[in-house]
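A quick write-up on the structure given underneath.
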Amino acid sequence: VQLQAYGGGLVQAGGSLRLSCAASGRTSSSYTLGWFRQAPGKDREFVGAISWTRGSTFYAESVKGRFTISRDNAKNTVYLQMNRLKPEDTAIYHCAFSYSGIVYNAQSRYSSWGQGTLVTVSS
């Protein structure tokens, strides 16, 4: 499975940005697409994920209520809508693929990773 994330950029605190991730290749009838991020000098962390068939989502506490994940089945694309952005949201954002239809926040559950897209939030 190949993943391509895009849509990053520079935004002021309080602003919004939408990231997209297109998946191609051999997926499965049930899988999950997740978003992770890595800030400078920090470990990569879970942001949120969506189960493709069920549409169920799960978010990290740090983004809950501000970020929303959605999907477009026809385009095989998942979106990360980020609102009320904070400087601490600055990071490289990666999308990842899991063959599990159950949403997990553990990185080890994801077998394919796309190149990240940089999000910079200025104060």
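What follows draws every value from the coordinates through simple rules; no lab data is involved. Everything numeric in this text was worked out from a predicted model, so none of it was measured. All Cβ positions, glycine included, derive from the backbone under ideal geometry; neighbour counts span all protein chains shown.
Go through the stretch 42-57 residue by residue and turn each phi into a ³J(HN,Hα) via Karplus (6.51, -1.76, 1.60, θ = phi - 60°); whole Hz please, and just put x for glycine and proline.
For the stretch 42-57, the Karplus curve yields 10, 6, 5, 10, 6, 10, x, 7, 9, 7, 5, 7, 7, x, 6, 10 Hz.
Straight distance only, please: which lysines reach the Cα of Lys64 with their own Cα at less than 22 Å, same-chain residues fewer than 8 apart left out?
Lys64 reaches Lys42, Lys86.
Going by amide H atoms built from the backbone, whose H comes under 5 Å of the H on Lys86, apart from near neighbours?
Under 5 Å from the amide H of Lys86 lie the amide H atoms of Gly14, each far enough along the sequence or on another chain.
What list of ³J(HN,Hα) values in whole Hz, one per residue of the stretch 99-106 in order, does the Karplus curve 6.51 cos²θ - 1.76 cosθ + 1.60 (θ = phi - 60°) give from phi, with Gly and Pro shown as x?
Ordered by residue, 3J(HN,Hα) equals 6, 7, x, 9, 7, 10, 9, 7 Hz.
Which residue, chosen from Trp52, Gln81, Asn105, occupies the Cα position most advanced towards the positive end of the dipole of the stretch 51-123, where the dipole is computed from +1 (Lys, Arg) and -1 (Asp, Glu) charges on Cβ about the Cα centre?
Trp52
So between Asn105 and Ser122, what do we pick up on full extension, going 0.36 nm a residue minus the alpha carbon distance?
Full extension from Asn105 to Ser122 adds 3.4 nm.
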